[in-house]
Every structure is written in structure tokens, then in C-alpha cells.
1. Consider residue 238 carefully, then state whether it is under 15 Å from residue 309 (Cβ atoms), in a helix (DSSP H, G or I) and touching a His at 6+ places or on another chain (Cβ under 7 Å).
2. Looking only at the range 83-104, filter to residues that are part of a loop (DSSP other than H, G, I, E, B) and of a type outside the set (Lys, Arg); which one of those is farthest from residue 115 (Cα to Cα)?
3. Assigned to a helix (DSSP H, G or I), of a type in the set (Val, Ile, Thr) and in the same structural domain as residue 196 (by the TED database): which single residue out of 62, 4 fits that description?
4. Any residue in the range 36-58 that is in a loop (DSSP other than H, G, I, E, B), closer than 28 Å to residue 190 by Cβ and assigned by the TED database to the domain that holds residue 172?
5. If only one of 270, 237, 255 is open to solvent by less than 20 Å² (accessible area, probe 1.4 Å), among the small types (Gly, Ala, Ser), over 22 Å from residue 221 (Cα atoms) and in the same structural domain as residue 184 (by the TED database), which one is it?
6. Considering every residue within the range 133-147, establish whether at least one is without any contact (Cβ under 8 Å) to a residue 40 or more places away in the chain and over 21 Å from residue 33 (Cβ atoms).
7. Can you name every residue in the range 156-177 that is over 19 Å from residue 32 (Cα atoms), of a type in the set (A, V, I, L, M, F, W, C) and open to solvent by 60 Å² or more (accessible area, probe 1.4 Å)?
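The values are calculated or read from the model by the stated rules, or taken from the named source; none is laboratory data. What you are looking at is a predicted structure, and each value in this text was computed from that prediction instead of being measured. As a convention, Cβ positions derive from the backbone with ideal geometry for all residues, glycine included, and neighbour counts pool all protein chains shown. Side chains are part of the model used for accessible areas, which takes the heavy atoms of the whole protein and leaves out ligands, DNA and RNA. Shrake-Rupley method; radii C 1.70, N 1.55, O 1.52, S 1.80 Å.
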Amino acid sequence: MFQTLYSYFWWERLWLPANLTWADLEDRDGRVYAKASDLYITIPLAFLFLVVRHLFETYVATPLAGLLNVKEKIRLKATPNAVLEKFYVATTKHPKQADVEMLSKKSGCTVRQVERWFRRRRNQDRPSLLKKFREASWRFTFYLIAFIAGMAVIVDKPWFYDLREVWKGYPIQSMLPSQYWYYMIELSFYWSLLFSIASDVKRKDFKEQIIHHVATIILISFSWFANYIRAGTLIMALHDSADYLLESAKMFNYAGWRNTCNNIFIVFAAVFIITRLVILPFWIMHCTVVYPLDLYPAFFGYYFFNFMMVVLQSLHIFWAYLIIRMAQKFITGKATGVPQLTETPFPIPSQVVEDERSDREETDDTEEEEEAAKNGPLSNGHPVLNNNHRKTD
């Protein structure tokens, strides 16, 4: 049964155009072709990435955070309460009004105190500023290196300037060593992101991130199996061109460099929209949808590859909507709770990097923190006396 499934999975009509077989892609005369077995190395490489990431965050990102004066916000802790803690862990972190009233009776607290307890308890579970900074530093470093490496791999190739060259001679296109390592490193990195997503900072687009990682892994793997390597290298480099800008904006946001963050975000938004909403659909996807049909009839692999491209493009539209919506809020001044910055030509406060795209699950300016800023730290909802210092933001 396993052999039958294996035979069906690797049926040539699924992966290759008509009249071509796997024998046509066997290494000969010094020409090397992509093989499915090449991708086995990406799993151990993914775990190696996790080790390197841990070392990087410990010995590079953490000292860098200290140099940039990354400071934690003061978070008021919820007082121990067995009834509320049990409900928080077993049922939900966001109780409805009926639940709040029920918990108020069971715990002997007022409704106001129950709401405050859950608000503080959620804030306790939020990732620390240092964790966010370390994660952003790691991703920034990888995406920047990957973008530079990707450009080095493709900038001297004829298909970088003429997209019809992507399909010249397809699928009998030999693989270059630089393409091999570019693919292995990119795929290994996305495997590592998928493996670590449960322990990473949970973002508002968590589900979309999982879909993105899975779609990217499938797309990279399939493009390798079907020898879509030329198109694959273009797509990977295009994606890396904006990602490192977002991560650097987050880093400066966490460090409190507001103007720098704003300016980088402006560049990121422009690059993201140009690459993901213009170049990708109107150049790259046009290349993968239209040009192959000049050489061979459409086959399953052709439809599958372009379907996965549509999935990625749908995610790009979703993220672009969030970016543009947040930008519009601050241009029109409709956003509340965050001061309008006018030092930059495009007045988007640095919180845009966390509000819409990722990092905020709870508001930072909760009511009890405002009370603490006015009256000093609270204990069980009451201000502690003899404290004349304001809460640090």
C-alpha cells in the first residue's frame, strides 16, 4: 500500500509537463538537477537554526537591548485568587459580563475588582519587551542576510532582467550550487519558524502566520521538486526585501526611538506595497501563469504552484489592508490613545508596528496603570502611600 501511494505521489504527470519523465532530470554530463531527497537536510538544519537563534538572542540581542536602553514597562500583578485563577486557566482569559458577575459572587470581589484582576492577569502573560526585541533582532538579522544573499544569487542571471528566461529550456535546467544553498537555508529557516511559533510572541495575525509558514514551505518544496528553481529564487528574494525593514522598525520601537521607527515604517510600507501588491502579482505571477503555457500544456504542477501563489497573495492583501488602515487612522487623526507625531513627513506613530500587524493583544494604557502613573503603585486596587514618583512608561 505504501509503495502504491508512493508511486501515485511521484507520478510524473503530477510534477512534470507531458512527454517528460524523471529520467530526463537525472544528473549527467556534469549537469546537476534538483532532487526531492535534497530537502531531507532542511529538518536538521531547522533545529540548527533554533540553536543558533538561542545563542544569538543570548549573546548578541540581549547585550544590544542593553545598549539601546530597552526598558520593561511596569506591570501590576494580579493578587492571588484561586477562584479567578481557575477560571482564567480552565475557561477563558476574557470572561463575558455574565461570567464576571458570577465570579464576583464566588470570589467575594466586586465586579470592578474582577475585571481589574483579569486585565492585570492577561498583562502578566504578555511577552516581555526584551523577548519581543530579541525575536525582532533575530528575524531582522536573518532577513537582511537572506535578502543580500538572494540578490547575490540572482542579480547576475539573465532571468532577473528578462522573466521569459525563467522558462527557457524548462524543465531541463541544471541547478547551481548557489541556488542549492539559497533554497536549503530559506526552507530550513521557515521550518524553524513553524517549530517555534508556539513559543514565539503570539501576534494578532497568529493564524495567518501559520498559514503563511505552511504555504511558504509547500511552495518552496514544490518548486524544488518540479525544478521551478529560477522562479523560486525570484519569489524568495522579493519577499525578503521588505521583511527586514519591518523587524528593524520593531526593534527601534521597543528601544523607544520613535522617529527612527516611524521613518523606517514609511520605507517598509512603500516597499511592501510595491513588491507584494505590484511586482509580485503583475510581474512574477504573470511570469508563472502566462509564460509557461507558451512552452507546454498546463499540468497539475502548474495549477498547484499558482494556487499556492494565490494563497500567499491573499495574505499579502490582508497584511497590506492592516498597514494601510493603520496609516489612514493616523493621517486623519482618528486614532485615540496614541499621540500624533509630526516630526516626520508621514505622521504614523511607532505603535503602528505593533497595533495592526502584530504585537498588541492588550492595551498598554490600562486603567490601573493610569492610576499608578498618578498615584504610584497600587496594592489590591489602592494606592501605596509615601510614593512621590510616577510610574515609568
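1. no
2. That would be 91.
3. Checking each option against the conditions leaves just 62.
4. No; the residues of the range 36-58 include none that is in a loop (DSSP other than H, G, I, E, B), closer than 28 Å to residue 190 by Cβ and assigned by the TED database to the domain that holds residue 172.
5. Going through 270, 237, 255 in turn, just one is open to solvent by less than 20 Å² (accessible area, probe 1.4 Å), among the small types (Gly, Ala, Ser), over 22 Å from residue 221 (Cα atoms) and in the same structural domain as residue 184 (by the TED database): 255.
6. For the range 133-147, residues without any contact (Cβ under 8 Å) to a residue 40 or more places away in the chain and over 21 Å from residue 33 (Cβ atoms): present.
7. 160
Yes/no matrix, rows are residues, columns are (1) open to solvent by less than 60 Å² (accessible area, probe 1.4 Å); (2) more than 24 Å from residue 193 (Cβ to Cβ); (3) not charged (D, E, K, R):
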position: 24; (1), (2), (3): yes, yes, no
position: 27; (1), (2), (3): no, yes, no
position: 49; (1), (2), (3): yes, no, yes
position: 60; (1), (2), (3): no, no, yes
position: 66; (1), (2), (3): yes, yes, yes
position: 70; (1), (2), (3): yes, no, yes
position: 78; (1), (2), (3): yes, yes, yes
